[in-house]
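First the structure, in the form of structure tokens, and then the observations on it.
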Amino acid sequence: MTSGHRHKISRRRTLKRGAHYRSPRDSDFKFLYAAYQKGAFGDLEPGHTFDDFAAFLADDFQHGEYYIGVAPNTASAEHTEIPVCLFTLIRRHQGLGEPHVTWFPWATTRNKIETILKFLTEMRRDMTLAIFVREEFVPFFERMKHYGVIRHGCKVFKFWPDGTGGRFYQSIE
């Protein structure tokens with residue numbers, strides 16, 4: 001018999017596996033290039049060589065704030081962790097940050113939950129995060145809301161260039 005109550009989601013338990021984020025390293029470029037070849041960077045035209053792609057990103061990394069989301073890798077004895085996403089943080093005025101994430105095709109739902117939860121948990125200590133989410137990703141961010149790291153701001157209409165809307169979320173300090 002079920003009581004009809006949802007299981008309480010525990011932030012501490014979810015973060016226990018050790019997902020984290022860090023500054024990009026040279027060793028990450030092979031993963032970034034593999035993600036690019038599989039279409040993760042949809043706004044970049046296809047066909048770049050590894051060297052062209054690496055030079056483009058290395059230059060971009062010098063002018064922005066980027067982090068690699070890393071998750072535990074239990075499938076390989078050789079690699080204990082694997083990059084699963086690229087976080088971009090745009091710092092706005094007065095302690096406001098606007099994060100963006102590019103997921104790599106091999107990132108599982110569990111990887112996504114753990115890495116973004118770690119990122120939001122840490123970043124919200126330093127700044128207020130303003131997160132604009134396409135409608136298709138709202139259920140994922142509603143889960144982040146249950147962890148107590150963000151709150152729902154409002155619904156946005158015709159926000160993206162294609163005319164679609166979504167939701168706005170704000171970090172909780």
Helix 109-123 vs. the chain, principal-axis angle (Cα, 0 to 90°, nearest 10): 80 degrees
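Fewest first, what order do Met144, Met123 take by the number of other Cβ atoms within 10 Å? Intermediate results must be reported in sequence, preceding the final value.
Numbers: Met144 22, Met123 19.
Taking fewest neighbouring Cβ atoms as first place, the list is Met123, Met144.
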Average Cα contact separation per residue, region 12-128, under 8 Å, 6 or more apart, as relative contact order %: 29 percent
Considering only the chain, percent of DSSP beta bridges that pair antiparallel, nearest 5: 95 percent
Charge-dipole axis of region 21-123 as Lys and Arg at +1 and Asp and Glu at -1 on Cβ define it, positive-most pick from Pro24, Phe53, Gly69: Gly69
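I'd like the per residue volume of the convex hull spanned by the Cα atoms of the chain, given in cubic angstrom.
158 Å³
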Principal-axis tilt of helix 50-63 within the chain, Cα atoms, nearest 10 degrees: 60 degrees
Peptides ranked, highest mean first, by Cβ atoms within 10 Å: ranges 163-173, 57-67: 163-173, 57-67
Filtered trypsin sites (Lys or Arg not before Pro), region 21-78: DSSP coil and at most 11 other beta carbons within 10 Å: Arg25, Lys38
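If you filter region 94-129 for trypsin sites (Lys or Arg not before Pro), then keep DSSP loop positions with at most 14 other Cβ within 10 Å, what is left?
Values: sites: Arg110, Lys112, Lys118, Arg124, Arg125; in loops: Arg124, Arg125.
Loop-located and lightly packed - Arg125.
Rounded to the nearest 0.05, what FRET efficiency do Asp26 and Arg91 have when you use their Cβ-Cβ distance and R0 = 25 Å? Numbers along the way, then the final one.
Working: r = 25 Å, r/R0 = 0.99.
For R0 = 25 Å, the calculated efficiency reads 0.50.
Longer than 18 Å from Cα to Cα, which of Lys112/Lys158; Lys16/Lys112; Lys16/Lys118 are they? Say none if no pair is.
Numbers: Lys112/Lys158 26 Å; Lys16/Lys112 14 Å; Lys16/Lys118 10 Å.
Going by Cα-Cα distance, Lys112/Lys158 fall outside the 18 Å limit.
Readers should treat all values here as calculations from the given coordinates under stated rules, not as data from a laboratory. Just so it is clear, the structure is predicted and the values come from calculations on it, not from any experiment. FYI the Cβ positions are ideal-geometry reconstructions off the backbone, even for glycines, and counts take in every protein chain you see.
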